[in-house]
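The values are calculated or read from the model by the stated rules, or taken from the named source; none is laboratory data. Everything numeric here is computed off the predicted structure, so don't read it as measured data. Note: ideal-geometry Cβ built from the backbone for every residue, glycine included; neighbour counts use all protein chains shown.
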Amino acid sequence: MRMSRYFLPVLKENPSEAQIVSHRYMLRAGMIKQSSSGIYSWLPLGFKILKNIENIVHEEQVRAGHIPMLMPTLQSADLWRESGRYDDYGEEMLRITDRHGRDMLYGPTNEELITDIFRSHVSSYKDLPLTLYHIQWKFRDEIRPRFGVMRGREFYMKDGYNFDLTKEDALHAYNRHLVSYLRTYERMGLQAIPMRADGGPIGGDYTHEFLVLAETGESEVFYDSEITDLRFGDRQIDYDSVEQCQAVLEEFTSRYARTDETHDESIFAEVPEARRRTARGIEVGQIFYFGTKYSDAMGATVQGPDGKPTPVHMGSHGIGVSRLLGAIIEASHDDKGIIWPEGVTPFHCGIVNLKSGDAEADAACEAIYGALAALGLEALYDDTSERAGGKFATMDLIGLPWRITVGPRGLKNGVVELTSRRTGESEELPPEQAVERIAQIYGRAAPQA
Ligand code: P5A
């Protein structure tokens, strides 16, 4: 993408309404624009990152054997009356009446809708296990929407639902989700720690939240510091293996880690004092096992092996896709701007032309831009006539992990500059080698010599 043709409405000043760094940078980098309280338009740069995050979530869900689909945002109140949550959900639910006077609502979550789909189409235990998911906008009329996309009213969520014949099978689904979530967050450059939490309006008493530690997090958390040493890494897990998934769950949940909702001082006191930590965290996901809560209320049964109708065991599992942009920025930034991890970056690298209009500099930039594109790598090429300082400031603010700087002086010596946004370190090398390095970083085939 050429900067001169892009839509990147960068703000020079700090917006006064933003209290935390991620909100500030998202507004300044022209990623989002508030349309009303807690509701945002996703401008091109923000939209691109949202889609990258969504793609990682999809890939990891499919890897775990879960099946993608799409349910609507608007739901009939009748389903929620069946489960009893129409009244229970309270003022967070946005209620709407259509022209025929029918009660509708903008879905804050989809347990009822998916249970209705299940009971309409699945009747035998032979069709189990089944895990369906979608990534769709949700609405919760939060009393205090704040921090930009962190606590929005309209927000993007991946929500998945498992249906199993027995509690044991459903607990395997729970463990499988925990494993796949660990992989998902690490691909985004995040450490998200599973912590025992409270079921809240979703229900059940077996649930873990995934928290990214950050001073600006809304949750208070208590944990054994040893847990921060754990990494999922690139282990290959067989998602159908009960033992393997169980082992990962045990490894990642055996140390003390709880949100304030379930915190227990007497158990925490058993952690050696030097390892006891109290901190704040951003909740980027939550998994639940709630047994037959919805299947009992809504009559979702299957014919069991004994021929008798059996209510299915269920769980649901959510990832805050739009919130993740804020969480990643909170975890990865400096005083100049965002530092995107390679896994989610909107462009693989930036190209800064120090002298747009100079025939040689223009030609070198075009060649690099074209060579990257031929490798399937997308660069944001600043071809504008803005001064160099301004171009660098914009690149630093929007946080592309790599930058290639091209100017007449370097070109005289046959070199351009490759700079890491994270370390600030620069290296001079011939343009072809700079392209090669970017290709290596992103695991693309290096160009032919
Ligand atoms: C699990 C999926 C559920 O709703 N039902 C379907 C279950 N869980 S949850 O914890 O309530 O939400 C899942 C994740 O969504 C994000 N989230 C939000 N993101 C932005 N703004 C909000 N107001 C908001 N509320 C929830 C969180 O990341 C949460 O973990």
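In the stretch 52-71, the condition of being within 30 Å of G370 (Cβ to Cβ), without any contact (Cβ under 8 Å) to a residue 24 or more places away in the chain and more than 16 Å from the chain's Cα centre (by Cα) is met by no residue.
Scanning the stretch 359-407 for residues that are more than 33 Å from the chain's Cα centre (by Cα) and closer than 17 Å to K12 by Cβ yields E386, R387, A388. For the stretch 370-386, which residues satisfy the criterion of being touching a residue at least 24 places away in the same chain (Cβ under 8 Å) and either within 13 Å of M1 (Cβ to Cβ) or in contact with a strand residue (DSSP E or B) (Cβ under 9 Å, 6 or more places away or on another chain) (or both)? L372, L377, E378, A379, L380, Y381, D382, D383, T384, listed by residue number.
So for the stretch 137-146 (the condition being over 23 Å from S35 (Cβ atoms), buried (at least 20 other Cβ atoms within 10 Å of the Cβ) and within 16 Å of the ligand (Cβ to nearest atom)), does at least one residue qualify? Checked the stretch 137-146: no residue is over 23 Å from S35 (Cβ atoms), buried (at least 20 other Cβ atoms within 10 Å of the Cβ) and within 16 Å of the ligand (Cβ to nearest atom). When the stretch 155-179 is filtered for residues that are among the charged types (D, E, K, R) and crowded, with 20+ Cβ neighbours inside 10 Å, the ones remaining, listed by number, are K158, D159, D164, R176.
Residues of the stretch 283-329 that are among the small types (G, A, S), within 16 Å of the ligand (Cβ to nearest atom) and touching a strand residue (DSSP E or B) at 6+ places or on another chain (Cβ under 6 Å): G285, G291, S295, G315, S316, G318, G320, S322, A327. For the residues R151, R187, the requirement of being closer than 27 Å to Q19 by Cβ and in contact (Cβ under 8 Å) with a residue 60 or more places away in the chain singles out R151.
Just to be sure, is L211 modelled with pLDDT of 95 or more, under 30 Å from A269 (Cα atoms) and assigned to a helix (DSSP H, G or I)? No. Where helices (runs of 4 or more DSSP H) fall wholly inside the stretch 380-447, the ranges with 2 or more residues that are basic (K, R) are 408-412. State which residue is surrounded by the fewest Cβ atoms within 10 Å (Cβ to Cβ) when the search covers only the stretch 98-114 and only residues that are within 12 Å of the ligand (Cβ to nearest atom) and farther than 30 Å from L27 by Cα. Top of the filtered list is L113.
Every residue, every condition in (1) within 22 Å of the chain's Cα centre (by Cα); (2) within 30 Å of M104 (Cβ to Cβ); (3) surrounded by fewer than 16 Cβ atoms within 10 Å (Cβ to Cβ), yes or no:
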site	(1), (2), (3)
P15	no, no, yes
R24	yes, no, no
R28	yes, no, no
A77	no, yes, no
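Return the residue satisfying two criteria in turn: it lies in the stretch 161-199 and is small (G, A, S) and under 14 Å from the mean Cα position of the chain (by Cα), and of such residues it is nearest to L70 (Cα to Cα). Looking at the filtered set, the residue picked out is S180.
Condition test on R151, is it within 14 Å of the ligand (Cβ to nearest atom), in contact with a His (Cβ under 9 Å, 6 or more places away or on another chain) and closer than 24 Å to Y25 by Cα? Considered against the rule, which asks whether it is within 14 Å of the ligand (Cβ to nearest atom), in contact with a His (Cβ under 9 Å, 6 or more places away or on another chain) and closer than 24 Å to Y25 by Cα, R151 comes out as no. Selection of the stretch 15-33 for residues being free of Cβ contacts under 8 Å to residues at least 60 places away in the same chain and touching a strand residue (DSSP E or B) at 6+ places or on another chain (Cβ under 6 Å) yields only K33.
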